[in-house]
Structures are given as C-alpha cells and as structure tokens.
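Have a look at the structure below, then the notes.
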Amino acid sequence: MVSDFSRRMRMRGAGLLAITTVLATTVACGSGSADSARPGGAQGGRTDVTAAMYPLQWLAERVGGPDVAVTGLTKPGVEPHDLELTPIQVAGLEKTSLVAYIKGVQPAVDEAVEQHAADRGFDAAAAVRTLPAVAGEEEHAGEEEHGHEVAYDPHLWLDPSRFATVATLLGEKLAAADPAHAQGYKDRAAKTAADLGALDGELARGLSKCASTAIVTSHGAFGYLADRYKLRQIGISGLDPDAEPSPARLAEVAKVSKQEKVTTIFTETLVSPKVAEVLAQEVGAKTAVLDPVESQPAGGDYLSAMRQNLTALQAALSCS
Ligand SMILES: [Zn+2]
C-alpha cells in the first residue's frame, strides 16, 4: 500500500514539473496578453470564476448568478480528493478572476493556486472555524512525501451553517472582483445563506430526537455534520477516501458498531461499497448511502442531496 502510494506521489511530482515547464514557456511567449487578461478575467461581460470541486461550484453559481461564468475543476462523478490538473486547467488559473477552493482537499489545486493564482484564491477553510483532523491512525502513511496535509478536517460544506458563512464571504469577494455587479452578488449571497440556514434548521429539528447518535461512514467526511447536530462519526477510513483501512481498524469499527447497536453502515456513491458491505454483514447491519456531496448528485444539487442525507440519517438512527 505504502509503496503504491509513494509511486503515485512521485508521478504527481513529475506531472507538476512538466506542467510548470509548459506554463513557463507559455507565459514567456505571450506575457502581454496574459497580463491584460489577468485582473478582469471576463468572458462576454461575465466574470470568470473557477471552483475546485462541486460544493464550491454550486455555491459560485448560486451567488454569481448571471454575472459569472463558473469553471469547475472536478468533473461530475469524479472523486475530488486525488484530482490531477491538466495543463489547460492550470493555465486557466492565470486568467480567472477568483478561484474558490478548500485548502487541504486537493493537493494539486492547492499547489496550482499558490503558483498561479495566489492573489485571487478564495480558501473557504479560512472563512470558518475548522475542526481538527481526527483521522484514523493508519491513513497518513507517506505524509512526509505528501507535504500538503493540513491539521484540520476540510469537509466543511457538510455543515450548512458554516457553508452559509462561506456564501456570504464569497458574495463579498465577487463584489470586490466585479464592483459593477456588487449588489447582485450581495443579494444572491444573502438568499443562498438564507436557504442554507433553512436547511440547517431542518437538519437540527430532524436529528434532535434519535434513538442513536453513532454513524458509521465510509470515509471520515461527516465530522462537521456530526459536530453541528451532535452525532458521533465512526469513519471506516480517514479523511482521504483512498486510504484503505487496516484489518485492525476494521475490527475496531466492527466492535464499536456492535456495542453501539448500529443498524446501518453508510456507503458513498463514489467509493466502492465493498468494505462497508463486509462490515455490515459482520455486525448484522444493512447499508445505505450517505452522500458527502463531493461531486454533483445525479439529478439533484447540494440542497437536495443534504435533504436525502437527512432522510437516510433519520432512518438509520431511529429519529422521531
Ligand atoms: Zn472527502
């Protein structure tokens, strides 16, 4: 496992080196046009905004409305944690007016923003009170090479109240980047924050009277949801869904699940449910989907996915 991981890290390093070389060449050849496009970054009167992953893309589209053209770096259905950027995507960062990202989710994005859009990055993690990373013990193998691990849990969009704070701040950032449309950004940010506040209220009410509070999840994405609604998350793997749990970790989760009389082991859409299924069989539970909303939900959006999560949680925890 570790050697596989190191190999991937080395490949990622080589890829970045190549991208940097290509960009250096591009910028050297066309520095005039790159510079003039930089501050405004507008397309047909719309301001260019780049969003690193789905929740931020949803937020940028809601708050930006008709005044922005949003480019998402993570394609639908792609698990965002291990995203690699293409040279074209990296070059696009040179021209965009604002890059919304969450430092710590996607190392390739963190690095590209630092190198190519440091003055236009909007790190949502800097906007809220983050929670410490309480990961399983095993998944940080290779951390020294990784070099991008952060001390906090980056999955902050799973608490709608924190995400509302991000919406408000994003409205302010967009207003500053495109002052001509400032009022529109502020109005839509207020509306989005209100929608997120309403969702927060539904979750708080819906999860206030439950027989159990323990949720067993595929990867530890739900720390903020657990924190906000007083649940306890037991993540099979840690903050990174690629990290395979050790047999010791699995045995521990099985033991705790039995003690807590867990009825449901949660799986995700983008992660193989195999481990969760084996665990469910072992503890006599069933499986159900809890969506970390890291990618666009099929036929829905952030709000509908979170409401489905509420329904799934109420069933698993026997809430009244
Ligand atoms: Zn995640």
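The values are calculated or read from the model by the stated rules, or taken from the named source; none is laboratory data. Not measured: the values here are computed from a predicted model. Here the Cβ positions follow ideal geometry from the backbone for every residue, glycine too, while neighbour counts run over all protein chains shown. Surface areas here come from the heavy atoms of the whole protein model, side chains and all, with no ligands, DNA or RNA. Shrake-Rupley method; radii C 1.70, N 1.55, O 1.52, S 1.80 Å.
Side notes on the structure shown:
- Solvent-accessible area of residue 210, all protein chains in place: 30 Å² (probe radius 1.4 Å, heavy atoms, ligands and nucleic acids excluded).
- Extending 7 Å from Cα along the Cβ direction at residue 180 and again at residue 118 yields two label points whose distance is 3.0 nm.
- Structure note, pairs 173/209; 103/258; 75/173; 75/209: Cα-Cα distances above 28 angstrom occur for 173/209; 103/258; 75/209.
- The gain in end-to-end length when the residue 311 to residue 88 segment is fully stretched comes to 76.2 nm, 0.36 nm per residue minus the alpha carbon separation.
- Ligands, DNA and RNA excluded, the heavy atoms of residue 286 present near 120 Å² of accessible surface to a 1.4 Å solvent probe.
- Partners for residue 255 among lysines (Cα-Cα distance below 24 Å; same-chain residues under 8 apart left out): 230, 274, 286
- Between residue 255 and residue 204, residue separation times 0.36 nm minus the direct Cα-Cα distance comes to 15.5 nm.
- Summing +1 for each Lys or Arg and -1 for each Asp or Glu among the other residues whose beta-carbon sits under 14 angstrom from that of residue 284 gives +1.
- Working note: Karplus 6.51/-1.76/1.60 with θ = phi - 60° gives segment 49-58 the couplings 10, 10, 10, 6, 8, 3, x, 6, 5, 4 Hz, where Gly and Pro are set to x.
- Spin-label model, residue 151 to residue 195: label points 7 Å out along the Cα-to-beta-carbon direction sit 3.6 nm apart.
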